[in-house]
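Shown next, in C-alpha cells, is the structure this report addresses.
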Amino acid sequence: RKVVPGARSTLLTAVGVGDSALGIVGCIDSECQGFEKNTLQYTVTLFENSKRARTGFGTAESFFSLFYMSLPEPTFIGEKQSTDLLHKGDPLLAVRTSCREAIENSAIEISENGVDDFLKSLNKLQFEELSIDSTMRMPVRFDSLAQELNFIALIDLLNFGSGYRVPLHKYTGRGAFDTIRFGAMSFHIGGTPLTAATFKNITAFEISEIFQFPIDREYTPEGMPFVTMTEANELKRLAIGIAQVLNSTGEFLQSHGYQDLASFILDVTKPSGGNPPSAKNLVDHLIRALPGLHDFTVIQGKTVYLYKKAQILTYHVWMFFKDQDPDRFNFADIKELTIFSDNVIPTMLEHLKVIRLPDALQQKIEAGQELTTEEAYLARAAAVVACERIVQKAHSTIPHMTEGELDVYLWRLGKEGDYRKIVRLQLQDTVMF
C-alpha cells in the first residue's frame, strides 16, 4: 500500500479463483513516486495453495480478498481568504458599497424599468404570505431557548450546497436546503449534542451518515469483471465542505471557552450600557469569529462582500427570539440587513427582467455549467443592488417592505409552480451559498 499525504482510502474487492486469492493494490496521484501520473498501476500477489491468507487488513478467504487503494481528495472547499480582507467598520455598509462598486464596473445592468414593472405587477397578498420565512419552522420540541438557538444557528451556518442541487435530488430526492434541514433534524432527534467538541471532531463520513447522502459509488474497472472498486461521487466534496465548516467553528468555540454556538451568540448579544440590541453588531461578531461565514472575494483588486449566511442567521435569530428575549434579539436595526444573496435570487431577478446578465454568463447558467467564483459573486452582488433599489422605490406599493422580507419572498416564489423550472446559477467550490 502506498500512502499518499492527504489521500483517502478506497475499498477494492478482488476475486481469485480456486485456492488463490488475488490482491491488488495501487495508487493514483501525481505525487506517488514510481507511478505514472493519473495512471493506475497494479502490484499482484497470489496466495497459492492457501485456504486463508492473512493480510495487513484482516483475513482473506481463498475466494475473497479486501485491500485498499489510496486516492487523492480535496482537503479544502472554497477560497482560503485572509482575515486581513475582512471589512473595516460597518459590515452591512461594506456589503452595499462593495456590491454597488462591483456592478458599476461590470457588464451586469440593473434595469430601472424592470424594477418599476416588478413593483407594478407585485401581488400584495402573495407578498405578505411568501415574505414570512415559514420554511424555518419545523415540528421540533426544544427544552430551552439555548437549545433552539443552537438548532437555528446550525441550519444557517450550513446554509450552502446549492451547487449540488442536481446530484442531491438524484441520490436523495431532496434539494440543498432540505438536506441541511434534514441533517439538523437528525442531529436533534438522534441526540447528538451540538457542541464545540462535536463540531471540531466530525468527519465527512459522519456527515454522510447524519445527513443521509452517499459520498461514494462502486464501479467495475474496464477489463476486470471480477473486481469492484469504490470512488468518490459528486457529493463527497459537499460532505467535506460541511465537515470543514463545522470543524473550524468547533475549533473557534473551544479555543475561546464556548460550549456551543448558542453560548457564543448569547454572550455577544448581552445588553450593555443601555444600547438597543443590534443586528449589525451580531453580524460583525459572527463574521470575525467564524471562517465559515467569510463570504467575500476579490474582483479586479477590490474586495466584494456578501455575508449571506451571517445575515440570514441574524435575521432568523431576530425572527424566532425577538419576543422571547427582546433585550438581546429585538434588533432596532433589523431593516439594515441586505438580502441574503444565493443562487436563487439572482436568477429570479434575471427572469423577472430586473437585472440583465451578459449573454455569455446567462448561457452558462442556462446550460447548467459551473460558474467561476467571480461570475457567481458578480451575479449575487447584482441581486443585492437590485433588491436595495426595489425597496427604495416600494414606498408607494408596500411602504414597510424590508430587504429581508423581499429576499424571503423571492426565494419562496422561486419554489412555486413554473418558477421551479428556472435554471439557477451553480458554483460547487464554495461553502457560502
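The values are calculated or read from the model by the stated rules, or taken from the named source; none is laboratory data. These figures come from a predicted structure and were not determined experimentally. Backbone-built Cβ (ideal geometry, glycine too); neighbour counts: all protein chains shown. These area figures cover heavy atoms from the full protein model, side chains too; ligands, DNA and RNA do not enter into them. Shrake-Rupley method; radii C 1.70, N 1.55, O 1.52, S 1.80 Å.
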- Is one or more of the residues making up the range 225-235 open to solvent by less than 70 Å² (accessible area, probe 1.4 Å), at pLDDT 95 or above and within 24 Å of residue 145 (Cβ to Cβ)? no
- Hey, residue 205 at negative phi and open to solvent by 20 Å² or more (accessible area, probe 1.4 Å) or not: yes
- Pick from 122, 168, 145, 194: which is under 23 Å from residue 337 (Cα atoms), out of contact with any strand residue (DSSP E or B) (no Cβ under 9 Å at 6 or more places or on another chain) and surrounded by 14 or more Cβ atoms within 10 Å (Cβ to Cβ)? 122
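Conditions tested, residue by residue: (1) open to solvent by less than 70 Å² (accessible area, probe 1.4 Å); (2) touching a Ser or Thr at 6+ places or on another chain (Cβ under 6 Å).
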| residue | (1), (2) |
| --- | --- |
| 266 | yes, no |
| 283 | yes, yes |
| 294 | yes, no |
| 300 | no, no |
| 304 | yes, yes |
| 307 | yes, no |
| 322 | yes, no |
| 326 | yes, no |
| 332 | no, no |
- Query: residue 160 versus (1) modelled with pLDDT of 95 or more; (2) outside any loop (DSSP other than H, G, I, E, B): which is the lone unmet condition?
  - Reply: (2)
- Note on the structure: Every listed condition ((1) without any contact (Cβ under 8 Å) to a residue 40 or more places away in the chain; (2) open to solvent by 10 Å² or more (accessible area, probe 1.4 Å); (3) hydroxyl-bearing (Ser, Thr, Tyr)) holds for residue 179 save (2)
- For residue 362: the one exception among (1) more than 27 Å from residue 279 (Cα to Cα); (2) touching a Leu at 6+ places or on another chain (Cβ under 9 Å): (2)
- Query: Can you name every residue in the range 84-103 that is assigned to a helix (DSSP H, G or I) and not β-branched (Val, Ile, Thr)?
  - Reply: 84, 85, 91, 92, 93, 94, 96, 98, 99, 100, 101, 102
- Considering residues of the range 104-118 that are in a helix (DSSP H, G or I) and open to solvent by less than 70 Å² (accessible area, probe 1.4 Å) only, the residue farthest from residue 350 (Cα to Cα): 116
- Note on the structure: Checked against (1) free of Cβ contacts under 8 Å to residues at least 40 places away in the same chain; (2) at negative phi; (3) open to solvent by 10 Å² or more (accessible area, probe 1.4 Å), residue 314 satisfies every condition except (3)
- Task: Check 416, 350, 366 and return the single one that is within 14 Å of residue 108 (Cα to Cα) and charged (D, E, K, R).
- Result: 350
- Message: I'd like to know if the range 350-365 contains one or more residues that are without any contact (Cβ under 8 Å) to a residue 12 or more places away in the chain, open to solvent by 20 Å² or more (accessible area, probe 1.4 Å) and touching an Asp or Glu at 6+ places or on another chain (Cβ under 8 Å).
- Response: yes
- Would you check if there is a residue in the range 376-395 being open to solvent by 60 Å² or more (accessible area, probe 1.4 Å), under 18 Å from residue 131 (Cα atoms) and at pLDDT below 95? yes
- Note on the structure: Taking the range 400-433 and the residues there that are of a type in the set (D, E, K, R) and closer than 22 Å to residue 314 by Cα, the one that is surrounded by the fewest Cβ atoms within 10 Å (Cβ to Cβ) would be 412
- Taking the range 220-257, which residues are in a loop (DSSP other than H, G, I, E, B) and more than 23 Å from residue 164 (Cβ to Cβ)? 220, 221, 222, 223, 224, 225, 226, 227, 256, 257
- Please find, within the range 253-264, the residue that is farthest from the chain's Cα centre (by Cα) out of those that are free of Cβ contacts under 8 Å to residues at least 60 places away in the same chain and open to solvent by 30 Å² or more (accessible area, probe 1.4 Å). 257
- Is it fair to say residue 184 is within 19 Å of the chain's Cα centre (by Cα), in a helix (DSSP H, G or I) and modelled with pLDDT of 95 or more? yes
- Message: Among the residues that make up the range 308-320, is at least one of them more than 20 Å from the chain's Cα centre (by Cα) and among the charged types (D, E, K, R)?
- Response: no
